[in-house]
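*Asks:* Quick one: structure below, then a few questions.
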């Protein structure tokens, strides 16, 4: 084989091997530092799938939070209904007591009328002014009651929750006395009972939707992680291998360059 001096073939080959090893090292370092397996074009198709799964998982997590907000809304409505029920019960007591008016003085009747009027105003004010983030809790004067829609999944589907009925006694601003309010109270108590049932049903439904959303979110995120997350054991081994190859290739570059200097002995 002839000896030439214009190129060190061994050094060129070793240099190419060193460059390849450096690329492998950079890839492993990027994947280990970011935790993403698809860095440096490792798995573009897999990353696309992981992005889709991750987005759905994140959306289900939001749906679970939506359900929690809905449960809080219903809990607030439940507390309001219980207070209104207590006031309505007292209103009924006043109506029954007024039926005994033949044994009452004018002052007694005035006291009953005043309390009935105050309770009526209180019920109306509670219904109109106690809200959840600006949304009315019970449907006084509103067809269909205090109904709202809650997002329950990643597709944007919703569930309607709320009291589902109007509370007639809430329109009590016109009450001026205790006479006959027991009848109005009976109607209102029936509507309150129905509303409490609707609230309880809504809570049960939202808890079910929330459980499904939480489970779906966790499983989808886990699936995405399996596709896109770096396998640290495997990638660490690849980095170690690439580092050894790079060091070996650089050492061979030095050896090849020294071997090329042997040509000089011919012309000395």
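*Asks:* Scanning region 146-163 for residues that are touching a strand residue (DSSP E or B) at 6+ places or on another chain (Cβ under 9 Å) and not in a strand (DSSP E or B), which turns out surrounded by the fewest Cβ atoms within 10 Å (Cβ to Cβ)?
*Replies:* The first filter runs over region 146-163 and keeps only residues touching a strand residue (DSSP E or B) at 6+ places or on another chain (Cβ under 9 Å), leaving 146-152, 157-163.
If we keep only those that are not in a strand (DSSP E or B) as well, we get 146, 152, 157, 163.
Details: 146: 29, 152: 23, 157: 12, 163: 30.
Filtering region 146-163 for residues that are touching a strand residue (DSSP E or B) at 6+ places or on another chain (Cβ under 9 Å) and not in a strand (DSSP E or B), the one surrounded by the fewest Cβ atoms within 10 Å (Cβ to Cβ) comes out as 157.
*Asks:* Another one. When only residues in region 179-208 that are surrounded by 21 or more Cβ atoms within 10 Å (Cβ to Cβ) and over 30 Å from residue 95 (Cβ atoms) count, which is farthest from the chain's Cα centre (by Cα)?
*Replies:* Of everything passing the filter in region 179-208, 202 is farthest from the chain's Cα centre (by Cα).
*Asks:* Among the listed residues 42, 57, 95, 120, identify the single one that is surrounded by 13 or more Cβ atoms within 10 Å (Cβ to Cβ), over 19 Å from residue 183 (Cα atoms) and touching a residue at least 24 places away in the same chain (Cβ under 8 Å).
*Replies:* Only one candidate qualifies: 57.
*Asks:* While we're on this one: When residue 52 is evaluated against the numbered criteria (1) within 29 Å of residue 241 (Cβ to Cβ); (2) modelled with pLDDT of 80 or more, which criterion, by number, is the only one it fails?
*Replies:* (1)
*Asks:* Go through (1) farther than 13 Å from residue 165 by Cα; (2) at pLDDT 85 or above; (3) in contact with a strand residue (DSSP E or B) (Cβ under 8 Å, 6 or more places away or on another chain) for residue 128 and report which single condition fails.
*Replies:* So the condition that residue 128 fails would be (2).
*Asks:* Also, I was wondering about something else. Only one of 67, 127 is part of a helix (DSSP H, G or I), surrounded by 22 or more Cβ atoms within 10 Å (Cβ to Cβ) and within 25 Å of the chain's Cα centre (by Cα). Can you tell me which?
*Replies:* So the residue among 67, 127 that is part of a helix (DSSP H, G or I), surrounded by 22 or more Cβ atoms within 10 Å (Cβ to Cβ) and within 25 Å of the chain's Cα centre (by Cα) is 67.
The values are calculated or read from the model by the stated rules, or taken from the named source; none is laboratory data. In this text the structure is predicted, and so the values were computed from the model without any measurement. FYI the Cβ positions are ideal-geometry reconstructions off the backbone, even for glycines, and counts take in every protein chain you see.
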